[in-house]
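The values are calculated or read from the model by the stated rules, or taken from the named source; none is laboratory data. These numbers were taken from a predicted model, which means no experiment stands behind them. With ideal geometry, Cβ positions are generated from the backbone for all residues, glycine too; neighbour counts draw on all protein chains shown.
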Amino acid sequence: MKTKMFLTLTLFLACGLALFVSADNHEEEEKNVLVFPKAYKAKSVSNGGKINGIVKFEGEAPEMKKLEITKDQATCGKTDKFDEALVVGEDNALKNTIVYLMDITQGKDFDAKAKKPEIDQKNCKFTPHVQIVPVKVRLTMLNGDNVTHNVNIADININKQQTRMIKRLRINAMPKPQGPFEVKCDIHGWMRAWVAFVPHPYFAVTNEKGEFSLENVPAGTYKLGYWHETLGNNNKEPVTVEVTAGGEVKQDFTLKMKK
Amino acid sequence: MRITMLTFTSLLILACVVPHPSYAQETPEGSLIGKQIYDKSCAHCHGLEGRGDGSAAENLLPRPRDFTRGLYKIRSTESGQLPTDKDLFDIITVGMPGTSMPEWETSLDVKEREEVVKYIKTFYSGFQENENPPREISLDDKIPYSQESVEIGKDLYVELGCVECHGKLGRGDGTSAPTLVDAWDFKTWPANLTENWNFRGGSDSEDIFKRFIGGIAGSPMPAFQGDTFYHFGLTAEQSEQYATLEKKVEDGEELTTEEEERAAQYFEINDTAATAALDWAEGLEMSPETLKIYNDAMKVVYEKSWHLANYVKSLSPEKRPDFAIGKHVLRSQYLQGELPALTDETWNTLDYSYYPLIGQIVVEPRQFNPSIDAVNVKSFYNDTEVAFLFSWDDKTHNTSEEENEETGKTYEDAIAIQFPVKPRKGPTDPKPYFIFGGRKPVYLWQWKASAPDTLTELTAKGINNVEEQEVQGDFAVESDYTDGRYMLWVKRSLKTDDKKDLQLDVATFVPIAFSVWDGGNGDIDTKRVISSWYSFVLEPLPSTRRFIYPPLVALLSFGLLVGLRRIVQRRNS
């Protein structure tokens, strides 16, 4: 009888473990997803608070890999290019991290500049490397190079050729928040960027100094999230911040390489 | 107690066996049959959950499709749209040339294929979420194939940047070809447009046109949307004028007020049309006026796309060449005097004989993803020598100077031309084993891209039993790699002093076979493409005896008849 009990128990445990493992795998695959509120309402915000801070990289930053320029040397080879999957500056400052509010449901509207997002392809390099695009807004791709580029965002099934004749090319607006997604130029295989389609303006991308700033946040308690293309996100353990009217909250992050 | 315990245990076992709930597919009515067929016939490559990760997937290139992202290459629908049920049905029915996707017409009946379509659609939620049917590409204004249309298409091929990946002559050797990856970051190659029998979605102008307008989702091939065309929305005349004005600005010249106004006008027309194209692509509601602007502007895009489709069609022969057997066997032609060199135009008087190649999958390491379609051969001979011209398409030029970062090996383009060591005693005499011989040895000419003007002679008694051998007769070798095509020219004496060498006699069929290595495709050692045995012959000159024997026979017959008549006459009298 006891043996049977034991067997059953073992089976039960094994089963649970199997379920646990498979569930874990499933989450792993959705790692590159930002957390968006179900709905967002834009309104005027007065005397909002501010959240700012610095994102740093923990440990010794690996040397940036120099990219091999395989074609169109005259245009693309003018400047050295590096793999921007992990850009660590002075004092371990981490560039290109998205810091954002996960659960804000009402607040300010996008400003005029945010409503005209652009990615330049000058010298065969996407600038900026991470671009925030409001939902229902069209991203503009600039091509001042005298070469042909193409804009491939496979996750949203967009692949448009942008010859040297097409100086400005717009990308379909997305009706729903999603991303970040990788942007590729297949003609110049080294070109990479990321684009996130977001429902509210409380998204910031860290600069060379690792700084970010979210301004004019209505007073309240929010979950603060980050996302980095190589170092992952904190979807599972967001930081809670309390913003007071006219106040300033400082919140730094330290990200490290996943094991 | 015992019974409850047992029930409990069996329930638990059941719980373990039943798949994890998040993976269990909601199967719409009827597709349970589809699932059964899929699990049995498709899952090996496409994976049980449709992720393109079946057990065989790793060895395949292109990879089997991952159905969970809704990216379908071969569609009759516009860019960004899902395929129609018919698109999926057709692909299952006819398969995909040049890939591991076979046709299922012979093994699944219509109903079964329809059920599989239903089941495949459950892997991607977009099929259920989309209320509107996918928008199909109109083929109504087709421009029929003509030389004029081909010429227009040729210019567009350059203007639209096709050349970047597909190469100057369309052999898939563009400068971007080596770095292309698909949406899953797997290596992918641009199509060789001169071999349309390998086009995944068919080789007709209509098929090609659909690939342009719809794009090839998940691949680096872009879709032709309105705003991706220069001066979209402008008439040819307006475009020309606008281009002049743009040029002026570019050159730093100042525009007159009138010119500035005109430029602004053209900009506006272009911008309005481009905006309409985006409205259309996003599926927004459009006013009749905007819709008209869009449709009018798209006429030009469709027109251009038909011309380009006709041009692409013109790059391939009308059908895949016949294999070099039967009446297509390679017949070396007799020439008096010096044999033509590599670049000699005399070669143009001959047609190529076509030797198709397949991946070597008998011995490890194997090549499951062959990248070279065939070797084409021409030949001339004279009283003492024979010259061959071998030609094959290769998208990349790899010499042994380049060491692979990951494996540390050098992958090099090469070819080996294979003959039996001993001449055959007759048509029933078995040939040596076709892959580098076996008990019966083979004699090989091996050429490598790193030594473009030399041949190494080898004898082999098996793929891993190869020896260099001393030089036979006089060899001359020249080679060339231009625009994705190798040309190798080899000249040798017909006879050598050593009786063990390959001796070539007129009118004797000699077995010939090929191995080709494409370094850019990871070919090395046994990993390569091969042919089976074919043969070639030094075509004998039409004999001069035809002027002697037939008249002689005629004369004799006549004499015989006359004689017979005499005998008969004599008997009668």
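Would you pick out the residues in the range B:70-92 that are within 14 Å of chain A (Cβ to nearest Cβ), more than 25 Å from the chain's Cα centre (by Cα) and among the charged types (D, E, K, R)?
Residues satisfying the conditions do not exist here.
Any chance you could count how many residues in the range A:120-141 are within 14 Å of chain B (Cβ to nearest Cβ) and either touching a Leu at 6+ places or on another chain (Cβ under 9 Å) or buried (at least 17 other Cβ atoms within 10 Å of the Cβ) (or both)? Steps first, answer last, please.
Let us first name the residues in the range A:120-141 that are within 14 Å of chain B (Cβ to nearest Cβ), namely A:121, A:124, A:133, A:135-141.
Applying the additional criterion that residues be either touching a Leu at 6+ places or on another chain (Cβ under 9 Å) or buried (at least 17 other Cβ atoms within 10 Å of the Cβ) (or both) yields A:121, A:124, A:133, A:135, A:137-141.
Adding up the residues that qualify gives 9.
Out of all the residues in the range B:336-347, is one or more loosely packed, with under 15 Cβ neighbours inside 10 Å, modelled with pLDDT under 95 and either at positive phi or touching a helix residue (DSSP H, G or I) at 6+ places or on another chain (Cβ under 8 Å) (or both)?
yes
Report the residue count in the range A:66-108 for those that are of a type in the set (Gly, Ala, Ser) and within 14 Å of chain B (Cβ to nearest Cβ). Explain how you work it out, then say what you get.
Residues of the range A:66-108 that are of a type in the set (Gly, Ala, Ser), as a first pass: A:74, A:77, A:85, A:89, A:93, A:107.
If we keep only those that are within 14 Å of chain B (Cβ to nearest Cβ) as well, we get A:74, A:77, A:85.
Adding up the residues that qualify gives 3.
Between a first residue in the range B:393-415 that is in the same structural domain as B:Gly174 (by TED's automatic domain parsing) and buried (at least 20 other Cβ atoms within 10 Å of the Cβ) and a second residue that is assigned to a strand (DSSP E or B) and modelled with pLDDT of 90 or more, which pairs have beta carbons less than 9 Å apart while being 6 or more apart in sequence or on different chains?
none
Return only the number of the condition from (1) at pLDDT below 90; (2) part of a strand (DSSP E or B) that B:Gly473 does not satisfy.
Exception for B:Gly473: condition (2).
Test B:Thr428 against the criterion of being more than 30 Å from B:Glu164 (Cβ to Cβ) and in a loop (DSSP other than H, G, I, E, B), and give yes or no.
Values: more than 30 Å from B:Glu164 (Cβ to Cβ): yes; in a loop (DSSP other than H, G, I, E, B): yes.
The answer is yes for B:Thr428.
For residues that are more than 8 Å from chain B (Cβ to nearest Cβ) and in a strand (DSSP E or B), scanning just the range A:152-180, find the one that is nearest to B:Ala281 (Cα to Cα).
Going through the qualifying residues, I end up with A:Ile171.
Conditions (1) farther than 23 Å from A:Met165 by Cβ; (2) out of contact with any Asp or Glu (no Cβ under 6 Å at 6 or more places or on another chain); (3) modelled with pLDDT of 95 or more; (4) in the same structural domain as B:Gly484 (by TED's automatic domain parsing), marked per residue:
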| residue | (1), (2), (3), (4) |
| --- | --- |
| B:Gly167 | no, no, yes, no |
| B:Gly170 | no, yes, yes, no |
| B:Asp185 | yes, yes, no, no |
| B:Glu195 | yes, no, yes, no |
| B:Asp207 | yes, yes, yes, no |
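Starting from residues that are free of Cβ contacts under 8 Å to residues at least 12 places away in the same chain and at the interface with another protein chain (Cβ under 8 Å from one of its Cβ atoms), keep the ones in the range B:151-184 and report whichever is surrounded by the most Cβ atoms within 10 Å (Cβ to Cβ).
Checked the range B:151-184; the qualifying residue surrounded by the most Cβ atoms within 10 Å (Cβ to Cβ) is B:Gly161.
Could you tell me how many of the residues in the range B:437-470 are assigned to a loop (DSSP other than H, G, I, E, B) and not aliphatic (A, V, I, L, M)? Even if it seems obvious, please write down each step before you answer.
Filtering the range B:437-470 down to residues assigned to a loop (DSSP other than H, G, I, E, B) leaves B:437-441, B:449-455, B:461-465, B:469-470.
Going one step further and asking which of them are not aliphatic (A, V, I, L, M), we end up with B:437-441, B:450, B:452-454, B:461-462, B:464-465, B:469-470.
Adding up the residues that qualify gives 15.
Return the residue satisfying two criteria in turn: it lies in the range A:181-210 and is assigned to a loop (DSSP other than H, G, I, E, B) and aromatic (Phe, Trp, Tyr), and of such residues it is farthest from the other protein chains (Cβ to nearest Cβ). Spell out the reasoning first.
As a first pass, look at the range A:181-210 and keep what is assigned to a loop (DSSP other than H, G, I, E, B): A:185-191, A:199-202, A:206-210.
Filter once more, keeping what is aromatic (Phe, Trp, Tyr): A:190, A:202.
Values: A:Trp190: 8, A:Tyr202: 25 Å.
If we take residues in the range A:181-210 being assigned to a loop (DSSP other than H, G, I, E, B) and aromatic (Phe, Trp, Tyr), then A:Tyr202 is farthest from the other protein chains (Cβ to nearest Cβ).
Please give the number of the condition B:Ala243 fails out of (1) among the aliphatic types (A, V, I, L, M); (2) within 30 Å of the chain's Cα centre (by Cα); (3) at the interface with another protein chain (Cβ under 10 Å from one of its Cβ atoms).
(2)
May I ask you to say which residue of B:Ala217, B:Ala273 is in a helix (DSSP H, G or I), within 14 Å of chain A (Cβ to nearest Cβ) and crowded, with 16+ Cβ neighbours inside 10 Å?
On the way: B:Ala217 fails: in a helix (DSSP H, G or I).
After ruling out the rest, the residue left standing is B:Ala273.
Restricting to the range A:14-37, give me the number of residues that are loosely packed, with under 15 Cβ neighbours inside 10 Å and modelled with pLDDT of 95 or more.
Residues that pass the stated criteria total 0.
For the range B:188-214, give me each residue that is in a loop (DSSP other than H, G, I, E, B), out of contact with any Gly (no Cβ under 8 Å at 6 or more places or on another chain) and within 12 Å of chain A (Cβ to nearest Cβ).
Within the range B:188-214, B:Thr188 is the sole residue that qualifies.
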